[in-house]
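Student: Take this structure, written in structure tokens, and hold onto it; I'll ask about it next.
Since every read-out is calculated from the coordinates, none of them should be taken as a lab result. Because the structure is predicted, anything quoted here is derived from the model rather than measured. We place every Cβ from the backbone using ideal geometry, glycine too, and count neighbours over all the protein chains shown.
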Amino acid sequence: MAIIGHDVLRREILHVRDHPGALSVPYIDLSARFALDNGLDVVIEGILHSESYGEMLAQLREDHAGLTRCYCYELDLDETLEQHRTKALAAEVSETDVASWYRSADRITALDESVFDATVSAADALQQVLADAGWSETLDIGS
């Protein structure tokens, strides 16, 4: 499985800001297509704003012949900030910055995303994704 992390590609590899037309958009697309073409299952994760990533993700979904599932969390600002405080990145990125980037809902219609809210834990969301993908619930995530 290839896990394509938005922040890893954008912040750590390309060192670019997130905006429409950023280099991260075609790089995520290229990375996903490369992994799929080489027989890997792909997870693209991150905060992927619709105006920047929507068209690319919709085209990727349309082009992919296999099983495709899309998910998003919709959290209020307080919950978003609470989760941010638990991350190592919290030391580098202020809550003011997070609040300035916050969007309560930013769905990409063409993806038909399943929506998780604050009542769904990360463990429960993972179990839902595993079940929807037909993967074993005993999948060893660490391998």
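Student: For segment 2-133, what relative contact order do you get, as a whole percent, if you take Cα pairs closer than 8 Å and at least 6 residues apart?
Tutor: About 24 percent, as a whole number.
Student: Here's another thing I want to ask about it. For the chain, just list the percent of Cα-Cα distances falling in each 5 Å bin from zero outward, please.
Tutor: 2, 8, 16, 21, 22, 18, 9, 2, 0
Student: Check which residues have an amide H placed less than 5 Å from V42's amide H, if you skip close sequence neighbours.
Tutor: A2
Student: Hey, can you grab everything whose amide H is under 5 Å from the amide H of Y71? Only 5+ residues off in sequence or another chain; H modelled, so Pro and N-termini drop out.
Tutor: Amide H neighbours of Y71, under 5 Å, 5+ apart: S114.
Student: Report the calculated FRET efficiency for L23 and E55 (r = Cβ-Cβ distance, R0 = 22 Å), to the nearest 0.05.
Tutor: With R0 = 22 Å, the Cβ-Cβ based efficiency is 0.90.
Student: Can you tell which of T109, C72, H15 lies farthest toward the positive end of the dipole of the chain, using +1 and -1 charges on the Cβ of basic and acidic side chains (Lys, Arg; Asp, Glu)?
Tutor: Value computed over the given set: H15.
Student: Let me ask something additional. Of the listed peptides 14-27, 40-53, what is their order by residue-averaged count of other C-beta atoms within 10 Å, with the highest listed first? Spell out each step's value before the answer.
Tutor: Working: 14-27: 14.1, 40-53: 16.5.
With the highest mean Cβ count within 10 Å placed first, the list reads 40-53, 14-27.
Student: Quick one: if you stick a label point 7 Å off each Cα along the C-beta vector at D124 and A88, how many nm between them?
Tutor: 2.9
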